[in-house]
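**Student:** Let me give you the structure first, and then I'll get to my questions.
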Amino acid sequence: MQLNHAQRELTVKIVYYGPGLSGKTTNLQMVHQRTSPDVRGRLLTVETHDDRTLFFDLLPVFFSTSSGFKVKVKLFTVPGQVIHNATRRIVLQGADAVAFIADSRRTAGPENNAYWKNLYENMRENGLDPAQVPLVIQFNKRDLPDTKSDAEIEETKKKGREPVIGAVAVRGIGVLETLHAVLQVAYRSLEARANLNKNIGLSEREFLTQIFANIDTTGTELEAAYPAKKVAK
Ligand SMILES: Nc1nc2c(ncn2[C@@H]2O[C@H](COP(=O)(O)OP(=O)(O)O)[C@@H](O)[C@H]2O)c(=O)[nH]1
Ligand SMILES: [Mg+2]
């Protein structure tokens with residue numbers, strides 16, 4: 001988090017982390033598609049010929065609070081390939097919350113575990129206490145055969161402290177729910193550290209509403225809380 005009182009600006013950093021090809025870039029593309037141009041910037045994506053993220057993706061989302069603060073939420077993805085660990089570590093620096101995107105297929109289990117470990121290592125290398133960094137987990141690619149069952153995902157949910165969300169990112173399923181969950185844990189952690197309510201007059205409700213009122217929530221679990229608004233693609 002960067003809080004600049006002179007400029008009246010708050011920057012929040014969210015990182016989508018996980019193995020290569022788990023669907024991190026797809027998540028950002030779907031968020032971009034459904035977000036009003038009024039509150040989003042360009043989706044910056046650097047891809048190589050084999051469709052993998054070479055460096056990182058970045059999608060900025062911004063709004064002004066009723067108290068007159070500018071809030072910039074930066075959504076980043078990391079490159080998943082093993083050789084890009086240095087880049088992953090740099091992108092992770094200063095993250096306020098992490099969405100860990102896992103591939104739900106059974107065959108992906110060992111890779112998910114390896115990258116979970118890698119996430120913890122990189123947090124420590126960056127001087128972050130993993131226990132203090134808010135996390136959510138997305139089990140993506142629920143449409144493919146031989147994925148973990150819902151019951152197994154429930155088990156994971158019970159074992160950990162993190163919110164767990166099932167997704168089919170290519171169809172936009174679970175994408176906004178994941179974004180909402182990660183923004184909520186980010187806000188709560190920043191509130192505990194920096195007293196956003198008191199210091200800049202920004203409540204959790206306003207933080208989430210300013211963003212999700214400008215996202216097309218049609219057909220998602222968020223539709224009731226944030227009535228869908230059509231946005232230009
Ligand atoms: N079947 C299926 N494919 C997906 C899903 N999400 C992403 N993909 C595909 O998986 C590949 C890798 O996705 P990408 O977002 O580039 O992964 P990244 O390396 O984590 O950024 C792409 O071909 C996506 O279209 C999903 O939910 N189901
Ligand atoms: Mg990518």
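**Student:** For region 38-49, check the following and say yes or no: at least one residue is within 13 Å of ligand 2 (Cβ to nearest atom), assigned to a loop (DSSP other than H, G, I, E, B) and more than 18 Å from GLU121 (Cα to Cα).
**Tutor:** Checking region 38-49: at least one residue is within 13 Å of ligand 2 (Cβ to nearest atom), assigned to a loop (DSSP other than H, G, I, E, B) and more than 18 Å from GLU121 (Cα to Cα).
**Student:** Cβ-Cβ below 6 Å, separation at least six or inter-chain, first residue in region 131-160 and among the polar types (S, T, N, Q), second assigned to a helix (DSSP H, G or I): which pairs?
**Tutor:** That search, which allows pairs on different chains as well, returns GLN138/THR178; ASN140/ALA169.
**Student:** Could you list all residues from region 162-176 that are outside any strand (DSSP E or B) and within 13 Å of LEU144 (Cβ to Cβ)?
**Tutor:** Within region 162-176, ALA167, ALA169, VAL170, ARG171 meet the criteria.
**Student:** A follow-up question, please. Anything in region 206-233 that is over 18 Å from HIS32 (Cβ atoms), under 18 Å from the mean Cα position of the chain (by Cα) and assigned to a helix (DSSP H, G or I)? List them, or say none.
**Tutor:** PHE207, LEU208, THR209, listed by residue number.
**Student:** Please specify each residue of region 42-90 satisfying the condition of being surrounded by fewer than 16 Cβ atoms within 10 Å (Cβ to Cβ), at pLDDT 90 or above and touching a Ser or Thr at 6+ places or on another chain (Cβ under 7 Å).
**Tutor:** If the condition is that a residue be surrounded by fewer than 16 Cβ atoms within 10 Å (Cβ to Cβ), at pLDDT 90 or above and touching a Ser or Thr at 6+ places or on another chain (Cβ under 7 Å), then LYS70, LYS72 are the ones that fit.
**Student:** Moving on to the next point. When region 1-32 is examined, which residues are found to be over 15 Å from the mean Cα position of the chain (by Cα) and either buried (at least 22 other Cβ atoms within 10 Å of the Cβ) or more than 9 Å from ligand 2 (Cβ to nearest atom) (or both)?
**Tutor:** GLN2, LEU3, ASN4, HIS5, ALA6, GLN7, ARG8, GLU9, LEU10 - these are the residues of region 1-32 that are over 15 Å from the mean Cα position of the chain (by Cα) and either buried (at least 22 other Cβ atoms within 10 Å of the Cβ) or more than 9 Å from ligand 2 (Cβ to nearest atom) (or both).
**Student:** Please verify whether VAL61 is away from ligand 1 (no atom under 16 Å from the Cβ), in contact (Cβ under 8 Å) with a residue 24 or more places away in the chain and closer than 19 Å to GLY174 by Cβ, treating the condition exactly as stated. I'd like the intermediate steps shown before the answer.
**Tutor:** Working: away from ligand 1 (no atom under 16 Å from the Cβ): yes; in contact (Cβ under 8 Å) with a residue 24 or more places away in the chain: yes; closer than 19 Å to GLY174 by Cβ: yes.
Here the answer is yes, as VAL61 does meet what is asked.
Results for (1) away from ligand 1 (no atom under 12 Å from the Cβ); (2) charged (D, E, K, R), shown as yes or no for each residue.
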residue	(1), (2)
MET30	no, no
PRO37	yes, no
ARG42	yes, yes
LYS70	yes, yes
PHE76	no, no
LEU92	yes, no
ASP96	yes, yes
THR107	yes, no
GLU111	no, yes
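**Student:** So which pairs qualify, if the first residue must be in region 194-208 and of a type in the set (D, E, K, R), the second must be outside any helix (DSSP H, G or I) and surrounded by fewer than 18 Cβ atoms within 10 Å (Cβ to Cβ), the Cβ gap must be under 8 Å, and the two must be at least 6 apart or on different chains?
**Tutor:** GLU206/SER66
The values are calculated or read from the model by the stated rules, or taken from the named source; none is laboratory data. Small disclaimer: the values here were computed from a predicted structure and weren't measured. When we count neighbours, we look across all protein chains shown, and the Cβ atoms used for this are built from the backbone with ideal geometry, even at glycine.
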